Amino acid sequence: MTAAQNSNSATLTPPAAKPGRMSAEQAADVSASAFTSLLAHLGYLDADSIARVREAYLYADRAHSDQWRSSGDPYITHPIAVTGICANWKLDAPALMAALLHDAMEDCGVTKADLVERFGADVADLVDGLTKLDKLQFNTREENQAESFRKMLLAMARDVRVILIKLADRTHNMRTMGDMPRSKWGRISSETLEIYAPIAHRLGLNQTYRELQDLSFKHLHPWRYATLEKAINRSRMRRRDLVQRVQEEVNAEFTRRGLPARLMGRESTLYSLYQRMQKNQLSFAKVTDIYGFRIIVPQTLDCYTALGVLHQKYKPMPGRFKDYIAIAKSNGYQSLHTTLVGPSSVNIEFQIRTEEMNIVAEAGVAAHWLYKAQQGHDSDQLSTQWLQSLLDIQNETRDATEFWDHVKVDLFPDAVYVFTPKSEIMAMPRGATVVDFAYAIHSKVGNHTTAAKINDEEVPLRTELKSGDVIQIITSEDAKPNPGWLSFVKTGRARSKIRSYLKSAAQTEAAQLGTTLLTQALRAEGIDTIPPEDEANKGVWDEILRITGNRTANDLLVDIGMGRRIPSLVAARMTSFMTKHGVRPDALLITQERFNTTNRPFHGAVTLNGEESSSVHYSHCCRPVPGDPIVGYLGGQGLIVHHAQCRNAIKLREKDNDRFITVEWAEDITRPFEAGIVVTVQNSKGVLARVAAELSNAEADISRVEMADDGAVGTTDLRFVISVHNNQQLETALRNLRRVHSVVRATRVMA
């Protein structure tokens, strides 16, 4: 059963299930009447476009003949209603045609090729995109839901008309859900509330957003909805005189000032009231700001004049003024908001905007077509940044769950507004950090960020942004993303860019390490170097890649570097294949490479300087430091370095000796390494301070300290993780500690 059949109120009803359904003649009359009503809303199209829409209707009507909705109406009435909603947004003719045909491929056996031939590629692509969306299943496991959501968002990003038609389809289905079995109400309403309503909000379709929320609330909690609706109706009757008085006073004041304005009353939606009551644990009687007014004025400057008039008439509430005209919301919304204390001390919110702002406020991204139809004003920029960011994130990750994690935080754009040093305004999600800001400017800026200043003061990179901040990013060509940034960045764009860079860097480092390891292993087999990927060695590479299952030689080297393949085994296979193709191993090289006088490998060791990142890990069980004897273990996530005397490494060697390779310290190591020590002290006043002072004298930095509770009576074990540059500095620190009077013993901690 498809999702369209499973979840939409547009569910087809087999003819036999409706024994009292209308006749074919009656159905034709109902369909024709519905389409005639639709035509009344298409005056913004030219005659040729209307003719094309009519042709699509006739085609869809024939395709859906003898198909019925759960209400008993002809099925075609649903596509017509969906098209009517799209017509209110003034969508173009191809979009309206796609709305009429949106179920034809899914339910009527019509193919995309049929639609291309009849109506053109544009309409066929829209219908195909909608058909794929209808097949999405959101009530499945999280991974499948994430994949479905990813497909929908990407379809939306490529052509926003797809999601507009889908939202219109969902709106009509929610309006007619009463005809569906109640068993389906909960799941479909939850899906609408959690997925489709936030998308409508993110695209600025506020009217649709509010309607979807209220309809979902109505069908999720029918009793609560009915109770709250009754309370609103009673309140409306009680305050009718008050609302009328405010309306008359404000109209009179604008008339006296000569300011043309259109005043409209507005109520908070039932769902928003319900949310406010739930969040703040309020009864209905304690909820304020139920009523408000919207004032439409001719020009932007008139908005501020109207604000002044209102503030002269009624007292404004402190902290309740917001200017979304100077700094628009991220979905294009612009308006002035102010809450005033009206007659009888009732709080009343006023929203002041121009006609253009009102269109954008209600229709959001759909205002693009409204502007083109009504005023010739192109608003392509509305929400396009967010839509483009979806494609950017998709390019960084192909994992659906990761994509969903990146995107879901952006579906609720509670924004802060900050400035670049050039006074350009940028909207960022609340909680966004300096690093998020850097990536919002450009991925290269984010990747090379080293420091930042907010309002001319240097701040940590994890600092959260506040509205009004002026942010300066300091970059360096040598800088690169830090994995630690992933713990505090908030935007999907920053997170995906950081992960993409780290993955790329890890692949590069792993390939370099894999090259070193395979070269070393081949020399032990008598082959001087890795054979080049040329025509002469094509047969060798084809055979080795077939055996290993890798697509390319680089993939094989990455696997070796990450420890997923043992270099000695790959080298043995490769040597065998090279021998078959006429390459003879060098016996002298085998002797030189494999053994010295102690019968241990001595050439080709991997040199470590501490600058390795993702491909080399220094084990926390023994915490090796420069100067220690060390061994390397290829553990599946890269090269893991152990102290040679580490008990864990010794046990691993007994079980899996083939995965151990020779490693050695470089001569010029500059960064510090962490080491673990335990200091047993007598319980006395100030002993911790004395121990810390001795570590400081040894120039060892304390990274972490904890007090163990397993010491003997009268003594305590202090466990430190300290940073040192080599084992000599570590020994110096331990000697200094042993000289302290209260210290019983000081030793290094190793597994």
Check your understanding: Where q = 0.12, 0.20 Å⁻¹, what log10 of I(q)/I(0) comes from the Debye formula for the range 423-582, counting one point per Cα?
Key -> -0.64, -1.10
Check your understanding: Counting other C-beta atoms within 10 Å, which of Met357, Met426, Met97, Met22 has the fewest, and how do the rest follow?
Key -> Met22, Met426, Met357, Met97
Review point. Given labels modelled 7 Å from the Cα in the Cβ direction, how far is it in nm from Thr732 to Glu535?
Key: 6.2
Review point. What full-extension length gain, to one decimal in nm, is calculated for Val346 and Arg647 as 0.36 nm per residue of separation minus the Cα-Cα distance?
Key: 100.9 nm
Check your understanding: Computed FRET efficiency, Cβ-Cβ of Thr607 and Arg430, R0 41 Å: what is it to the nearest 0.05?
Key -> 0.30
Review point. Label point 7 Å out from Asp528 along Cα-to-Cβ: which residues of the range 552-586 have amide N under 18 Å?
Key: 575, 578-579, 582-586
Check your understanding: Which FRET efficiency value, to the nearest 0.05, is calculated for Ser703 and Glu229 with the Förster distance at 41 angstrom and r the Cβ-Cβ distance?
Key -> 0.10
Practice item. At 4 °C and 1.567 mPa s, grab the translational diffusion coefficient of the range 673-748 from Stokes-Einstein with a Kirkwood Rh over Cα pairs, rounded to a whole number in µm² per second. Key: 107
Check your understanding: Which residue, chosen from Ala553, Ser576, Thr529, occupies the Cα position most advanced towards the positive end of the dipole of the range 506-581, where the dipole is computed from +1 (Lys, Arg) and -1 (Asp, Glu) charges on Cβ about the Cα centre?
Key -> Ser576
Review point. Listing Glu674, Glu611 from the residue with the fewest other Cβ atoms within 10 Å to the one with the most, what is the order?
Key: Glu611, Glu674
Review point. So if we plug the beta-carbon distance of Glu667 and Glu464 into 1/(1 + (r/R0)^6) with R0 = 51 Å, what FRET efficiency do we get, rounded to 0.05?
Key: 0.75
Practice item. Just list whichever of Lys580/Lys651; Lys166/Lys218; Lys112/Lys503; Lys112/Lys538; Lys315/Lys466 have alpha carbons separated by over 32 Å in the model shown. Key: Lys580/Lys651; Lys112/Lys503; Lys112/Lys538
Study note, to complete from the structure: In nm, the gap between the two label points placed 7 Å beyond Cα toward Cβ at Glu355 and Ala32 is 3.8
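Rule-based calculations on the coordinates, nothing more; no lab input. If you're wondering where the values come from, they're calculated on a predicted model, not measured in any experiment. With ideal geometry, Cβ positions are generated from the backbone for all residues, glycine too; neighbour counts draw on all protein chains shown.
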